[in-house]
There are 2 protein chains.
Amino acid sequence: MVLVSDNDSATSHAIADDLKEKILAGKYKPGARLIQDELAIEFKASRSPIREALRMLEADGLVTIKTHSGAWITELNFAEFEELYQIRERVEPLMLRLSIPHLTTKLIKELEATLEKLNEATSVEQFLKLDREFHLLTYEGAITSYLGEIVQRMWNTTQPYRRRYSQILEREHFTSAHLEHTLLMKAIKRADLDDAERILYGHIRRTRLELQEQAE
Amino acid sequence: MVLVSDNDSATSHAIADDLKEKILAGKYKPGARLIQDELAIEFKASRSPIREALRMLEADGLVTIKTHSGAWITELNFAEFEELYQIRERVEPLMLRLSIPHLTTKLIKELEATLEKLNEATSVEQFLKLDREFHLLTYEGAITSYLGEIVQRMWNTTQPYRRRYSQILEREHFTSAHLEHTLLMKAIKRADLDDAERILYGHIRRTRLELQEQAE
DNA sequence: TTAGAGTCGATTGCATCCAATCACAAGAAA
DNA sequence: TTTCTTGTGATTGGATGCAATCGACTCTAA
């Protein structure tokens with residue numbers, strides 16, 4: 001699967017990519033309205049490519065479109081967050097299983113480098129970015145078409161919750177996450193599929209439960 | 001979750017719904033090219049709503065769009081089929097688990113009626129339609145936003161393989177499917193979540209393995 | 001015969017204009 | 001005051017025309 005954006009010359013794709021980055025960076029807040037004309041001015045294009053870009057982002061789960069009404073940055077309520085995490089618990093271990101056998105030594109080195117940087121992260125934004133990078137890298141070996149899309153989509157839409165969770169983690173300097181990441185890395189290195197699946201399952205599940213606890 | 005199409009007045013939605021139905025019915029073959037102008041004439045509309053409809057179908061996984069090149073009915077290769085079924089094995093049992101506690105007596109009756117008709121099905125097309133109806137009905141209790149979409153999408157894109165599988169089943173008058181469906185129905189009626197999950201998992205897995213066997 | 005460059009038609013992508021729709025506010029009736 | 005109606009402005013949806021791009025074909029040269 002490909003992590004980086006494909007160099008698609010079409011402006012609608014360029015707009016979609018740019019908007020996506022901004023949304024994930026939290027520059028557009030969940031629930032914020034997107035007005036086609038304003039975007040057209042911002043991106044110096046007509047509304048046609050804007051409309052197409054919005055449709056693409058809708059497919060990514062980042063934007064919600066309502067006919068004759070408008071487009072908004074997708075806002076997950078708590079029930080939806082729980083649902084998404086339950087799906088992640090079942091699906092991402094599968095993705096990891098499909099990935100591990102195809103991880104090259106180069107990728108493993110990259111993973112270790114990312115993990116090291118991740119362990120040294122101090123700010124929330126830094127942690128968020130590197131955490132995403134680390135996990136998506138562990139999936140890089142999986143030769144998939146749909147699974148990768150699904151997983152990415154879930155990472156996209158749950159980003160605001162991960163940000164909130166990271167703020168909780170910050171208090172204890174991300175230690176529990178670090179431990180799990182290290183365990184996961186070891187399981188990956190010895191290509192232990194079952195163990196890797198189990199650790200990842202627990203990792204996602206713990207996040208969900210801790211956020212549920214926080215919410216009460 | 002809603003199975004029937006929502007009455008969205010916009011023509012782009014109407015076109016998307018119509019196209020979707022035709023694709024699922026096998027009226028457009030996998031791999032077939034879709035030309036915007038031709039669709040515009042067919043649906044008596046301009047290309048704008050056609051383009052939007054194609055984007056929606058792309059999100060549904062029914063159509064594949066390539067920039068500056070065109071749109072085709074999605075064609076699953078065998079590896080992609082295997083992948084999708086592996087996802088289904090993990091995800092649909094979860095959907096069933098979330099659904100069962102919320103199934104109303106009215107829905108259960110509907111399920112039983114569908115199952116009866118399904119057991120009497122003789123033609124492949126009849127079996128396909130009722131099988132889809134039965135399984136999606138078992139998920140009807142799940143109050144989900146994303147999971148339902150994912151599941152529907154997978155049902156959409158794997159439809160051609162299910163058609164092929166049904167043709168195999170036809171030889172033995174669909175008996176093995178009937179048995180599993182009956183077992184599933186019983187587990188649902190006694191609200192046995194674990195058992196229902198297990199039966200469904202096996203049901204999907206067996207389909208995958210039998211088709212893999214056939215393919216060799 | 002085959003490989004490569006150039007050309008042309010078909011088709012997609014984008015801009016612009018007009019029509020359709022919705023949300024909101026102001027006013028009228030109970 | 002509250003509720004219903006009506007109108008108006010903002011915004012989205014769709015039609016049309018033009019520009020950009022791709023792919024297939026032809027022609028040429030080795």
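Tell me the residue from B:Arg47, B:Arg90, B:Arg51, B:Arg33 that is within 16 Å of DNA strand C (Cβ to nearest atom), at the interface with another protein chain (Cβ under 10 Å from one of its Cβ atoms) and basic (Lys, Arg), please. Show your work before the answer.
Numbers: B:Arg47 fails: at the interface with another protein chain (Cβ under 10 Å from one of its Cβ atoms); B:Arg90 fails: within 16 Å of DNA strand C (Cβ to nearest atom); B:Arg33 fails: at the interface with another protein chain (Cβ under 10 Å from one of its Cβ atoms).
The match here is B:Arg51.
When you go through A:Leu130, A:Leu107 one by one, which is the residue that is more than 14 Å from chain B (Cβ to nearest Cβ), among the hydrophobic types (A, V, I, L, M, F, W, C) and touching a Ser or Thr at 6+ places or on another chain (Cβ under 8 Å)?
Numbers: A:Leu107 fails: touching a Ser or Thr at 6+ places or on another chain (Cβ under 8 Å).
Only one candidate qualifies: A:Leu130.
Looking at A:Thr67, A:Thr122, A:Thr74, A:Thr104, which one is within 16 Å of DNA strand C (Cβ to nearest atom) and of a type in the set (Val, Ile, Thr)? Spell out the reasoning first.
Working: A:Thr122 fails: within 16 Å of DNA strand C (Cβ to nearest atom); A:Thr74 fails: within 16 Å of DNA strand C (Cβ to nearest atom); A:Thr104 fails: within 16 Å of DNA strand C (Cβ to nearest atom).
Answer to the selection: A:Thr67.
Scan A:Lys106, A:Lys44, A:Lys66 and give me the residue that is more than 16 Å from DNA strand D (Cβ to nearest atom) and open to solvent by 50 Å² or more (accessible area, probe 1.4 Å). Step through it out loud before you land on a result.
Details: A:Lys44 fails: more than 16 Å from DNA strand D (Cβ to nearest atom); A:Lys66 fails: more than 16 Å from DNA strand D (Cβ to nearest atom).
Among A:Lys106, A:Lys44, A:Lys66, only A:Lys106 is more than 16 Å from DNA strand D (Cβ to nearest atom) and open to solvent by 50 Å² or more (accessible area, probe 1.4 Å).
Can you tell me which residue in segment B:69-84 is surrounded by the fewest Cβ atoms within 10 Å (Cβ to Cβ), limited to those that are within 11 Å of chain A (Cβ to nearest Cβ) and not in a loop (DSSP other than H, G, I, E, B)?
From segment B:69-84, those within 11 Å of chain A (Cβ to nearest Cβ) are B:69, B:74, B:76-77, B:79-84; that's our starting set.
Then drop every residue that is not not in a loop (DSSP other than H, G, I, E, B), which leaves B:79-84.
Details: B:Ala79: 11, B:Glu80: 19, B:Phe81: 19, B:Glu82: 17, B:Glu83: 21, B:Leu84: 23.
Looking at residues that are within 11 Å of chain A (Cβ to nearest Cβ) and not in a loop (DSSP other than H, G, I, E, B), I get B:Ala79.
Hey, can you tell me all the residues within segment B:1-24 that are at pLDDT 85 or above, away from chain A (no Cβ under 14 Å) and open to solvent by 50 Å² or more (accessible area, probe 1.4 Å)? Give the steps one after another, and end with the answer.
Narrowing segment B:1-24 to residues at pLDDT 85 or above: B:11-24.
Next, only the ones that are away from chain A (no Cβ under 14 Å) stay: B:18-24.
Correct list: B:Asp18, B:Glu21.
Out of the residues in segment B:145-176 meeting the condition of being open to solvent by less than 30 Å² (accessible area, probe 1.4 Å) and β-branched (Val, Ile, Thr), tell me which one is nearest to the other protein chains (Cβ to nearest Cβ).
Residue satisfying both the conditions and the ranking: B:Ile150.
Give the residues of segment B:181-196 that are open to solvent by less than 30 Å² (accessible area, probe 1.4 Å) and touching a residue at least 24 places away in the same chain (Cβ under 8 Å), sorted by residue number.
B:His181, B:Leu184, B:Met185, B:Ile188, B:Ala196, listed by residue number.
For segment B:72-85, indicate whether the set of residues that are polar (S, T, N, Q), within 13 Å of DNA strand D (Cβ to nearest atom) and at pLDDT below 95 is non-empty.
First, the residues of segment B:72-85 that are polar (S, T, N, Q): B:74, B:77.
With the extra rule that they be within 13 Å of DNA strand D (Cβ to nearest atom), the set shrinks to none.
Scanning segment B:72-85 turns up no residue that is polar (S, T, N, Q), within 13 Å of DNA strand D (Cβ to nearest atom) and at pLDDT below 95.
Please identify the pairs in which a residue from segment B:115-135 that is on the phi < 0 side of the Ramachandran plot has its Cβ atom under 9 Å from the Cβ atom of a residue that is among the small types (Gly, Ala, Ser) and part of a helix (DSSP H, G or I), counting only partners at least 6 apart or on another chain.
B:Leu118/B:Ala177; B:Val124/B:Ser166; B:Glu125/B:Ser166; B:Phe127/B:Ser166; B:Phe127/B:Ala177; B:Leu128/B:Ser166; B:Asp131/B:Ser166; B:Asp131/B:Ala177
Which of the residues belonging to segment B:54-63 are at the interface with chain A (Cβ under 10 Å from one of its Cβ atoms) and either open to solvent by less than 20 Å² (accessible area, probe 1.4 Å) or near DNA strand D (Cβ under 8 Å from one of its atoms) (or both)? Give the derivation first.
Initial filter on segment B:54-63 (at the interface with chain A (Cβ under 10 Å from one of its Cβ atoms)): B:54-56, B:58-61.
Across segment B:54-63, the qualifying residues are B:Leu54, B:Gly61.
The values are calculated or read from the model by the stated rules, or taken from the named source; none is laboratory data. Here the structure is a predicted model, which is why all the values come from computation and not from measurement. Cβ sites come from the backbone with ideal geometry, for glycine too, and all protein chains shown count toward neighbours. Just the protein is used for accessible areas: all its heavy atoms, side chains included, with ligands, DNA and RNA removed. Shrake-Rupley method; radii C 1.70, N 1.55, O 1.52, S 1.80 Å.
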